[in-house]
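For reference, the structure is listed below as structure tokens.
Just so it is clear, none of the values below were taken in a lab; they were calculated from the coordinates. Treat the numbers as computed from the prediction; the structure is a model and nothing was measured. Here the Cβ is made from the backbone with ideal geometry for all residues, glycine too, and neighbour counts use every protein chain on show.
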Amino acid sequence: MNKVLAKKDQPYLILWRDNLNGDVSIKLYDGNKLIQNISSRTASDGVYEWTPRISVKESYFIRISSWKDRNIFGQLQL
């Protein structure tokens with residue numbers, strides 16, 4: 001099965017499920033290195049439209065974390 005990588009300048013939906021009662025932040029990482037702050041604060045409604053302005057590599061992942069407690073998070077490998 002082939003992976004579909006997000007392409008530069010094409011919109012993608014980031015989907016997630018959580019049980020958080022508040023906003024989340026969405027960030028793009030490569031290992032421990034922050035690549036892009038996708039959204040510093042957005043509603044935890046399970047969907048966010050993202051249009052990458054950079055080329056996305058296979059090693060990147062998206063971290064969605066509670067805005068109130070950064071230690072509560074989930075990750076999505078790209």
Q) Taking the Cα centre of the chain as the origin, how large is its charge dipole in debye, to the nearest 20, when only Lys and Arg (+1) and Asp and Glu (-1) carry charge on their Cβ atoms? A) 240 debye
Q | In nm, spacing of pseudo-spin labels at SER55 and TYR29 (7 Å Cα→C-beta vector) | A | 2.4 nm
Q | Under 14 Å from the Cα of LYS7 - aspartates and glutamates, other chains or at least 8 residues apart | A | GLU49, GLU58
Q: Jot down the radius of gyration and Dmax of the chain, Cα atoms only, both in angstrom.
A: 12.2, 37
Q) Label-point separation (nm) for TRP16 and THR42, each offset 7 Å from Cα along Cα-to-Cβ? A) 1.0 nm
